[in-house]
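Q: Dropping the structure in here first, questions after.
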Amino acid sequence: MKTYLVGGAVRDELLGLPVREKDWVVVGSTPEAMLAAGFKQVGKDFPVFLHPKTHEEYALARTERKTGQGYHGFSCYSSPDVTLEQDLSRRDLTINAIAKAESGDIIDPFQGQQDLKNKIFRHVSPAFSEDPVRILRIARFAARFRSFGFKIADETMALMQHMVQSGEIDALVSERVWQEMLSALSEEHPSAFFLVLRACGALARLWPDLDCLWGIPQPEQHHPEIDTGVHVMMALDLAAKLSPDTQVRFAALSHDLGKGKTPEKNWPSHRGHEELGVACIEAFAGRYRIPHEYRDLAILVSRYHLHCHRAFELRADTMLKTLEALDVFRKPDRFEKFLLACTADARGRKDKEQEAYIQVDRMRAAYQIAKGVNVDRLREQGLTGEKLGEKIHQERVRAIAAGFDEHQSRY
């Protein structure tokens, strides 16, 4: 029995990156022998075991055979006679098909080290095309290793395009799509994930409302980059610089989906795109079963981001109605996420990345003024229910109007 460190741990170690988690392959063993050694079996479809002390995953060397569509359409064969090279050959990319022996020797049958040096994502074998999840994974790797300058090999991109055209991409399970997308959103350059999906044609199948934004023009005076798809990617990466919160990043990504639904005859104007985008977000959230907190923030940003951009133009009553719609008095933390996403939108434009966005200061000031209204004093006047609500609203509008008049130069 021999044990080898494999996959991402070896890859990241060779790249000089911190190793996030370790995966091991065991050659020459059986499930019975692993259990006898104190390992705990966790794999259902193939033998994977947890080490009794480190709790790291140890998988018996195996081969796979395609039996149907999708991620689960495989039969696995695991036996003591399966070699390390056979196990490595079923992996997705050459850079992930490198093993390290207990002696420290590197086993690299598919020249993964050379592809690491040349910064190339290259599939190990034609078997890559048998699993559509690998398209998502390579797109996620593109986001993770963007700063290293990795590129996808031409033959690998061609294979990915063929997978999309053949319909293999349609077998993806919705939860897995969201899982990979969420992982990509947590990376430093999340836009690379979506650009790879678009390059191979997968984005049009997985998220057509996003894919269609490329080529849709915007007014040049507001958007020097003009192209809506380009702008959305800029906003996404700006959101990644502003906050590690993936809710903020998803909201920035989806804030302009409605521009793909406005009448082409009116372009580059997109009047009403805010509300049109809400339906797109709801449809996407339903299709991929994304958590409510992601959906709700994205909807608010789509619906009210122009209110934030026009914060200096809003009357006190409109400002308060916007704050109430954002539910800021009950959810101030979400309000801050909303402001971050709006900032990403405003600064995610050509030559605007470093510009100040003081509209968020005015929004915060309005919130603080409104929050300062003494609600208990109004209750002491005997007001309740609807009349109390109306009075609170009136007092807050009055306070915002007075506060902005008094401190106009500050805002």
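Q: Across the chain, where is the longest run that never hits GluC sites (Glu not before Pro) in a DSSP loop with at most 16 other C-beta atoms within 10 Å?
A: 221-312
Q: So if the hydrodynamic radius of the chain is defined as the Kirkwood radius over C-alpha pairs, what does Stokes-Einstein give as its diffusion coefficient at 37 °C and 0.692 mPa s, in µm² per second?
A: Estimated via Stokes-Einstein, D reaches 135 µm²/s.
Q: Okay, next question. Count charges around Leu197 for me, please; just the other residues with Cβ under 13 Å from its Cβ, Lys/Arg as +1, Asp/Glu as -1.
A: Net charge around Leu197: +3.
Q: Just to compare against my own numbers: the Cα pair-distance distribution for segment 332-411, 5 Å bins, whole % per bin, please.
A: Calculated over all Cα pairs of segment 332-411, the distribution is 3, 14, 18, 16, 16, 14, 9, 5, 3, 2, 1, 0 percent.
Q: Next question, about the same structure. Taking every alpha carbon pair in segment 207-410, what does the distance histogram look like in 10 angstrom bins from 0, in percent?
A: 9, 33, 32, 19, 7, 1
Q: For segment 233-337, state what percent of all Cα-Cα pairs lands in each successive 10 Å bin, counting from 0 Å until the bin that includes the largest distance.
A: 15, 43, 36, 7, 0
Q: Which value results when the Cα radius of gyration for segment 104-199 is divided by 2.2 N^0.38 Å?
A: 1.10
Q: Roughly speaking, what is the stretch gain from Glu282 to Glu102, that is 0.36 nm per residue apart minus the C-alpha to C-alpha distance, in nm to one decimal?
A: Length difference between fully extended and current span is 59.8 nm.
Q: Obtain the nm distance between the two label points defined at Gln113 and Asp23 by a simple spin-label model: each point lies 7 Å from its Cα along the Cα-to-C-beta direction.
A: Spacing of the two 7 Å Cα→Cβ label points: 2.2 nm.
Q: Related question: Rounded to whole Å and ordered largest first, report the semi-axes of the equivalent ellipsoid of segment 1-112 derived from its Cα gyration tensor (root of 5λ).
A: Listed largest to smallest, the semi-axes of segment 1-112 are 21, 19, 13 Å.
Q: Excluding Phe145 itself, what net charge comes from residues whose Cβ is under 11 Å from its Cβ, given Lys and Arg +1 and Asp and Glu -1?
A: My count for the surroundings of Phe145 gives +3.
Q: For the chain, set up a GNM with springs between Cα atoms under 10 Å and report which of Phe335, Phe148, Phe193 has the largest fluctuation.
A: Phe148
Q: Follow-up. Treat every Asp and Glu Cβ in segment 193-245 as -1 and every Lys and Arg Cβ as +1, leave all other atoms uncharged, and give the resulting dipole magnitude about the Cα centre to the nearest 20 debye.
A: It comes to approximately 180 debye.
Q: In a shell of Cβ-Cβ distance under 14 Å around Lys352, excluding Lys352 itself, what net charge do Lys and Arg (+1) and Asp and Glu (-1) give?
A: After counting each charged neighbour, the total is -3.
Q: Can I ask one more? Working from Cα positions, state the angle (0 to 90°, nearest 10) between the long axis of helix 191-200 and the longest principal axis of the chain.
A: 60
Q: Right, here's the next one. What distance in nm separates the two pseudo spin-label positions at Arg205 and Ser125, each 7 Å out from Cα along the beta-carbon direction?
A: About 2.3 nm separates the two model spin labels.
Q: Treating the angle as unsigned and between 0 and 90°, give the value, to the nearest 10°, between the Cα long axis of helix 174-185 and the longest Cα principal axis of the chain.
A: 80
Q: How much of the pair distance distribution for segment 142-279 lies past 22 Å, counting alpha-carbon pairs only, in percent?
A: 42
Q: Which one, Leu88, Leu314, Leu383, has the greatest fluctuation when you compute a Gaussian network model over the chain with C-alpha springs under 10 angstrom?
A: So, out of Leu88, Leu314, Leu383, the one fluctuating most is Leu383.
Q: How much FRET efficiency would the formula 1/(1 + (r/R0)^6) give for Lys371 and His55, where r is the Cβ-Cβ distance and R0 is 35 Å, rounded to 0.05?
A: 0.15
Bear in mind that the values in this text are calculations on the coordinates, not laboratory data. In this text the structure is predicted, and so the values were computed from the model without any measurement. With ideal geometry, Cβ positions are generated from the backbone for all residues, glycine too; neighbour counts draw on all protein chains shown.
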